[in-house]
Amino acid sequence: MELISEHGCFGGQQRFYKHDSNEIGLPMRFSVFLPPQAVQGAVPALLYLAGLTCNEETFMTKAGAQRLAAELGLALIAPDTSPRGANAPGEADSWDFGVGAGFYLDATQAPWAKHWRMESYITQELLPLVTSTLPINAARLGIFGHSMGGHGALTLALRHPALFKSVSAFAPICAPAQCPWGYKAFTGYLGADESGWAAHDATALMSQQTAAPYPGGILIDQGLADKFLAEQLHPHLFEVACASAGQPLTLRRHAGYDHGYYFIASFMADHLQHHAQQLAP
């Protein structure tokens, strides 16, 4: 992997990388914040998945997470949100599908199946790469994200519970099979047969659980002034599924907060503390 840039940040290092991805078949970019404790040995890390139209820089420049991450000794990892440069037909026609909108799954439909392999990229390539080359403890990984990335965080945590020890989300798409964003993405990436969609729907996945997959609890924050709440996000459905499965869930609803990074930055500290407690040795 190639180091694009490096910046001193709260006693640690903010880095931006690119590498040739075997899973994606194209160059991919990602960012890593290493806290000052990383010079002494491997540290726990949080994987952050960003939302629609975002990239590997969005979280690191807007969320304000590095100061507390440095204090807690947490590394932060942020991949891009989709392949870029595939030149697939229609990849840039919509802001909510294609480029910048990988939905953190492996597509099965042409022309997307060749490069849109974000789940395999993250779980089988990116995380093994960073934990083998950087001072990051592969046994102490958490995952969180925002909007489409919140969907990704919840679904990847439920699909890979041995990989991730903690999970949280900001304004996640909780039931993509039941909202326009998810319907468009799933139809395009997975095909019109809805029977396969449940495997990538957090509410459906939680409904299938017979015991709490994350007994330490899941944290979700949702702004009540979020213009996407009623039509796209449906946290109440995930709340019901968690209650049925016996999964502890803290779902906090905040008046006056919208869908953007001012909202995320306002509650970032709570999420970092949530993960730090569950990733403690």
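The values are calculated or read from the model by the stated rules, or taken from the named source; none is laboratory data. Source: prediction; values computed, not measured. Note that we place each Cβ from the backbone using ideal geometry, even for glycine, and neighbour counts take in every protein chain shown. Ligands, DNA and RNA are stripped out before the accessible areas are found, and what is left, the full protein with its side chains, is counted by its heavy atoms. Shrake-Rupley method; radii C 1.70, N 1.55, O 1.52, S 1.80 Å.
Heavy atoms of the protein chains alone define the surface here; on that basis the stretch 215-275 has 45 Å² accessible area per residue at 1.4 Å probe size.
Loop-located chymotrypsin sites (Phe, Trp or Tyr not before Pro) in the stretch 126-187 (DSSP state not H, G, I, E or B) with no more than 15 neighbouring Cβ atoms inside 10 Å do not occur.
Across ALA177, ALA78, ALA63, mean-square fluctuation computed from a Gaussian network of the chain (C-alpha pairs under 10 Å connected) peaks at ALA63. Counting every C-alpha pair in the stretch 121-241, the share spaced more than 18 angstrom apart comes to 52%. Pairwise Cα distances in the stretch 79-190 exceed 21 Å for 36 percent of all pairs.
For a label point 7 angstrom out from the Cα of ASP93 toward its Cβ, which stretches of the stretch 149-192 have the backbone nitrogen within less than 20 Å? Residues 180-192 qualify, since their backbone N sits under 20 Å from the label point.
Solvent exposure of the stretch 8-149, expressed per residue, is 35 Å² of accessible area, with all protein chains present and a 1.4 angstrom probe. Note on the stretch 201-252: Rg/Rh from Cα positions, Kirkwood definition for Rh, rounded to two decimals, is 0.99. Straight-line cross-link reach from LYS227 at under 13 Å between alpha-carbon atoms covers these aspartates and glutamates, not counting any fewer than eight positions away in the same chain: ASP258. Taking packing as the residue-averaged number of other Cβ atoms within 10 angstrom, the listed peptides 16-24, 151-159 run from highest to lowest as 151-159, 16-24.
Summary value for the stretch 158-281: 32 percent relative contact order, contacts being C-alpha pairs under 8 angstrom separated by 6+ residues. For the stretch 28-121, the alpha-carbon coordinates run over 47, 24, 17 Å along the three principal axes, in decreasing order. Among beta bridges identified by DSSP and lying wholly in the chain, the antiparallel ones come to about 50 percent. Roughly how many whole Å is it from the C-alpha centroid of the stretch 1-76 to that of the stretch 164-243? One Cα centre to the other: 25 Å.
An oblate overall shape is assigned to the stretch 190-281, the ratio a/c of its alpha-carbon gyration tensor axes (a ≥ b ≥ c) being 1.5 or greater and a/b not exceeding b/c. The alpha-carbon positions of the chain define a convex hull whose volume is 112 Å³ per residue. The charge dipole of the stretch 92-167, taken about the Cα centre with unit charges on the Cβ atoms of Lys, Arg (+1) and Asp, Glu (-1), comes to about 300 debye, rounded to the nearest 20.
The alpha carbon radius of gyration of the stretch 1-57, expressed as a multiple of 2.2 N^0.38 Å, is 1.26. Here's the picture: charge each Lys and Arg Cβ at +1 and each Asp and Glu Cβ at -1 in the chain, and of PRO135, ILE218, THR61 the one pushed furthest to the positive end of that dipole is PRO135.
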